[in-house]
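Here's the structure, in structure tokens; my notes come after.
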Amino acid sequence: MSPFSSNAVLDSAEAWTGYLREAGLSDVMDVHVVSGGRHRLARAHFPGGRGLLCKQGLQRSRTGDGALLQEGLTYLLCAQSGVAEARRIMPRCVFHDRHSDVLGLELVEGPTLRDQLAVQADGLAGVMSRIAHALASVHYGTHEKLPGYQHVYGPFGELMPDASPLSRDEYAALSPGELTVMAVIQSDPDIARTLRGLRQVSAHSLIHGDLRCDNILLVAEEGMPAFAPLLIDWELARPGDPAMDLGTLYGSLLEAELLRLREELVAQSAVADPAAGSLLMSAARTIAPLLGGLLAAYENAVGAWTGRGGPGVTPRMPGRARVIAHAGAHLMHRAAAFAQVGTGLGSQGRTLLVVARAMLRAPHGALSLALPIPAGLSARGTARRSG
């Protein structure tokens with residue numbers, strides 16, 4: 001039976017090899033199974049140096065975390081829209097088996113943006129500019145085709161921290177640390193108001209949905225001095241707010257620098273838990289050039305799409321407060337992720353939670369004005385306007 005009409009369980013090199021051969025890739029030379037967490041992963045090698053990264057989703061829901069339906073659909077949508085061919089922004093999708101929830105992607109090697117930040121942040125201005133242009137292409141280059149697929153994607157609101165009361169089953173499933181995060185979200189009316197505002201989007205674009213530094217691969221290009229960024233892991237892609245992608249990347253840059261500074265201070269002065277506020281301002285100043293380059297390039301790219309996005313589509317720059325609020329929402333998610341690995345938040349999770357709380361409480365207030373975001377960006381209120 002063809003693997004494309006069955007629910008194959010691909011949990012060994014032998015199973016993957018048989019699957020690929022039945023799928024017509026009979027020249028597969030070897031397969032190495034990789035520990036993947038949310039997926040079953042394998043790297044397959046072929047003659048001529050070709051390679052595939054093969055992923056099988058461990059589905060938690062049909063369209064949610066761990067499922068690959070949305071990721072495969074996004075590769076298809078970008079290809080049909082001419083985005084993937086016009087601009088090298090994502091790995092090439094070789095096949096998508098929706099029956100067995102398997103993706104075959106070209107195997108691309110390189111460090112992640114987080115890896116490179118840990119080594120050397122200098123010299124990444126060109127990378128940030130290319131990321132910005134890639135995002136604008138996805139956000140506004142897919143508008144014509146997006147309505148035909150919009151009903152298949154999960155709702156945008158699923159990606160937001162939820163301030164609504166927990167059900168009995170949800171309460172039982174959360175760790176003590178995760179309950180601490182939920183208590184902060186649910187007990188603060190300012191945070192709840194900001195999160196409700198983030199769910200209000202008047203016009204949807206295709207977004208990545210999880211644009212962390214770990215999901216940006218830096219690939220060396222022959223004859224080019226700078227890395228080429230590839231955006232990977234599109235499983236949470238869906239129609240949504242472009243500000244979320246910008247804010248998530250900003251939040252991820254902040255997270256990486258916050259935790260680096262924290263470890264440095266602990267090592268140098270034996271301070272068990274450095275003040276989150278001072279860490280935030282130091283981290284924000286450090287990543288200011290990267291963030292400024294990203295947003296300036298995105299603004300230019302958005303301007304280039306004006307009048308080209310299809311009927312009723314008006315590309316526009318997201319408001320500053322909205323980008324910051326999405327960064328705070330990302331850090332809230334990350335604090336909860338730290339809580340999942342133990343019984344409590346831990347010192348790193350507490351740092352992220354304090355920073356996230358501050359950013360969500362006052363994204364359009366004094367804190368947002370102090371953060372190094374280019375003054376040319378709009379300062380529209382988060383809860384009233386989408387962008």
- Message: Order 353-359, 94-100 from most to least packed using the mean count of other Cβ atoms within 10 Å.
- Response: 353-359, 94-100
- Can you bin the stretch 37-171 into rounded, prolate or oblate? Criterion: square roots of the alpha carbon gyration tensor eigenvalues sorted a ≥ b ≥ c, rounded for a/c under 1.5, prolate for a/b above b/c, oblate for the rest. rounded
- Query: When you count, for each residue, the other Cβ atoms within 10 Å and take the mean per peptide, how do 279-289, 316-326 rank with the highest first?
  - Reply: 316-326, 279-289
- Note on the structure: On the formula 1/(1 + (r/R0)^6), with r taken between the Cβ atoms of residue 347 and residue 22 and R0 of 35 Å, the FRET efficiency rounded to 0.05 is 0.10
- Query: If you line up the Cα atoms of the stretch 113-370 on their principal axes, what length do they span on each, largest first, in Å?
  - Reply: 51, 46, 33
- Sorted by packing (mean other beta-carbon atoms within 10 Å per residue), highest first, where do 229-239, 249-259 land? 249-259, 229-239
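Bear in mind these aren't lab numbers, they're just calculated from the coordinates by the rules spelled out. Every value quoted in this text rests on a predicted model; they were computed, and no experiment measured them. Positions of Cβ are backbone-derived with ideal geometry, glycine not excepted, and every protein chain shown enters the neighbour counts.
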